[in-house]
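Here the structure is laid out as structure tokens; the discussion comes afterwards.
The values are calculated or read from the model by the stated rules, or taken from the named source; none is laboratory data. All figures in this text were calculated on a predicted structure; none of them were measured in a lab. Don't worry about glycine lacking a Cβ; one is built from the backbone with ideal geometry, like all the others, and counts go over all protein chains shown.
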Amino acid sequence: MKIKKFKPSVTSNCPKMEVDLEEAMDIAGAGKYQIFHCALMLSTLTAALLEMIGYAFILPAAACELHLPEHLRGLITSIPNIGIILTAPLWGGVADHFGRKPTLLFCSAACGVVSFVAAFMPNLLSFALCKLAGALFMSCPTSLSFAYAGEMAPRRRRDLAVLVCNGFLTLSTTFSPLLAWAVLSGQWQFYIGSLSVRPWRLLTAVYALPLILSAIWMTQAMESPKFLTVKGRRDEALEVLKHIYSVNTGLPKEKYYVLSLKKSSEEPRGIADCSDAEQSSERKNESACALLRPPHLKWFALTSFLMFGLYTSLNGLFLFATDTINKVLGDTTEQSGTLCVIMNQPVNQTNTGSCVDTISQETFIIMAATTAIYGALVLAASVAPLSKKTLLLGMYLAAGVASLLAGLLTNMVVAGIAMSALQITALGIGPLTAYTVELFPTSLRGTAVGAVLMFGRVGSVTGATIAGYLLAAACTATFYGFGGLQFVCAALSFLLPKQKVATPREDHLVPDNDNR
């Protein structure tokens, strides 16, 4: 999808005294600046995603040194999602008050620095607490980046800006196994005082570094003109638009022929309007309660459960694919059977004296190849002219079959590929979020989308915690249980209303979504 360079209209030489923000952004155009800004937002999203899913490679390599019990592995894996659940409402309000740029810059830098420090924590408790502290800042870069990308584009290109970021974010997950492969392949060790420094500590730092670099790059971004206008800072918004116009056209800022911006209807009101603001707040609280009453309750319950089921596999069972594949491929007992038969061998338990924390080359190859392939399939399916219901039904069925095959197959490579296929559940986030947007009226839409996505985060924590415990205690039941949940979600998808054939601009835009 190519963004056309802005061409000034024939009236470009006619100054316009005062226009509204949307018209002013159309005049500034879509071009080089939007490409720069989307690249910046994509890098921020990718950095946050690497920090989240990096646990899949860090924990298997650190399990022995940190003395990580099998039953706690799921809880430690859930730390990023726990941090997001605890702070998601906070950072949205901060961004609305202080601005997109400073909030995103601060949170990215804070998350990166604290996560970097976690690499040098001596034991499991200090490592987990440090990671949790960093995760408290993570909800900002994983969600605000989408809104920031959209607000910097004119209306006709806004969907495209968010769609491009969301689509390429899926492919960016390939960097996670590639970085792990490059770092963990080394077999070195040295000491800083009494602290043993091994490759997994370096990988922890490497996964945190992109957040710091993104924060540095963020200093070159402009503040959202939408935010500035709403805050009554129209002169500053006009300067931002002049900069965008100059970058897009190559012309001096003085050639931008808008002289002033109209007052936004969302600007702060005076003291006389305080009673109206209070009434608005009360109406907002009432609208939130309306989700729990007919006729909205059924759609809220349905979409929330479907999002919950989706995330239990995407950020739950799938995050254990690396460790599971590594254990079965590295098994030396020569015993045949399913993944679970091999997993239950004493040599594959971290609570024994034979704890193994190396990751094989075959595991890296499988994870890197499947992540790239499934990421490309998700991107292709996301822009295909298929209805949302078709995409959701196909995704849930495929994830359910993959879970069952992973637990039943005796060919370890094929079983590992099947388990890694659980990442295709990322395909369902866009359509399911779009359903949520369509099923609720404007007064409830923002609240509904936020609440449904929060149920997804709860699914991440639940799925990772359950998988971490049951893979050690009841391995076969784990795969059957997760597969069964996906089949239940597929059946419930039939209850969603029928939709016309979808187009990327209509259905696969993910408003205010963090993808992972």
Considering residues of segment 95-108 that are among the hydrophobic types (A, V, I, L, M, F, W, C) and buried (at least 18 other Cβ atoms within 10 Å of the Cβ) only, the residue nearest to Phe127 (Cα to Cα): Cys107
Residue within segment 183-191 that is crowded, with 18+ Cβ neighbours inside 10 Å and either within 24 Å of Asn123 (Cα to Cα) or in the same structural domain as Met138 (by TED's automatic domain parsing) (or both) present: yes
Test: residue in segment 57-68 that is outside any helix (DSSP H, G or I) and modelled with pLDDT of 85 or more: yes
Within segment 407-495, helices (runs of 4 or more DSSP H) holding 1 or more residues that are under 29 Å from Ser360 (Cβ atoms): 412-420, 442-473, 475-493
Looking only at segment 188-239, and only at residues there that are part of a helix (DSSP H, G or I) and of a type in the set (S, T, N, Q), the one that is farthest from Lys263 (Cα to Cα): Thr204
Every residue from segment 167-196 that is within 23 Å of Leu319 (Cβ to Cβ) and without any contact (Cβ under 8 Å) to a residue 40 or more places away in the chain: Ala182, Val183
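Results for (1) assigned to a helix (DSSP H, G or I); (2) at pLDDT 95 or above; (3) buried (at least 23 other Cβ atoms within 10 Å of the Cβ), shown as yes or no for each residue.
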{"site": "Phe120", "(1), (2), (3)": "no, no, no"}
{"site": "Ala128", "(1), (2), (3)": "yes, no, no"}
{"site": "Lys131", "(1), (2), (3)": "yes, no, yes"}
{"site": "Gly134", "(1), (2), (3)": "yes, no, yes"}
{"site": "Phe137", "(1), (2), (3)": "no, no, yes"}
{"site": "Ala149", "(1), (2), (3)": "yes, no, yes"}
Condition met for Ser382 (modelled with pLDDT under 75 and within 22 Å of the chain's Cα centre (by Cα)): yes
Single condition Ala473 does not satisfy, out of (1) farther than 20 Å from Lys298 by Cα; (2) at pLDDT 85 or above: (2)
Scan of segment 240-267 for residues that are at pLDDT 80 or above, part of a loop (DSSP other than H, G, I, E, B) and within 35 Å of the chain's Cα centre (by Cα), ordered by number: Gly250
Residue that is surrounded by the fewest Cβ atoms within 10 Å (Cβ to Cβ) [pool: residues in segment 200-221 that are under 13 Å from Leu59 (Cα atoms) and in contact with a Phe, Trp or Tyr (Cβ under 7 Å, 6 or more places away or on another chain)]: Leu203
